[in-house]
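Inspection log for the structure reproduced underneath, given as structure tokens.
The values are calculated or read from the model by the stated rules, or taken from the named source; none is laboratory data. Note that the structure is a prediction, hence the values are computed from the model and not measured. Note that each Cβ is placed from the backbone with ideal geometry, even for glycine, and that neighbours are counted across all protein chains shown. Just the protein is used for accessible areas: all its heavy atoms, side chains included, with ligands, DNA and RNA removed. Shrake-Rupley method; radii C 1.70, N 1.55, O 1.52, S 1.80 Å.
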Amino acid sequence: MEKSFYYPVPWGDVTFLKDALAAMDLPFSIEQPTERLELGPGEVAIVFPDLHVRDYNAVRDLFGGHGKRYPG
């Protein structure tokens, strides 16, 4: 999967978001903090490839805003 953007989320929200994204049949991965992917304490990143506009809008609605560009 070519990584395009991500949302930093607290661990406590992962199960809900993972289930919602699986129900929408959207590709994603969950990543821990790294040197390139800096996250706050207790956060993980839900990472997405480029999505069709319709799918991106559904993701944006679920997360309540735009994602952050994945570091290249």
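May I ask you to list the residues in the stretch 1-14 that are farther than 17 Å from residue 66 by Cβ and either open to solvent by less than 50 Å² (accessible area, probe 1.4 Å) or among the charged types (D, E, K, R) (or both)?
Listed by number, the residues that qualify are 2, 13, 14.
Considering the stretch 15-52 alone, what residues qualify as being open to solvent by 100 Å² or more (accessible area, probe 1.4 Å) and either touching a residue at least 24 places away in the same chain (Cβ under 8 Å) or within 14 Å of residue 4 (Cβ to Cβ) (or both)? Those that are open to solvent by 100 Å² or more (accessible area, probe 1.4 Å) and either touching a residue at least 24 places away in the same chain (Cβ under 8 Å) or within 14 Å of residue 4 (Cβ to Cβ) (or both): 36, 50, 52. Scan the stretch 53-72 for residues that are open to solvent by less than 30 Å² (accessible area, probe 1.4 Å) and on the phi > 0 side of the Ramachandran plot and the total you get is 1.
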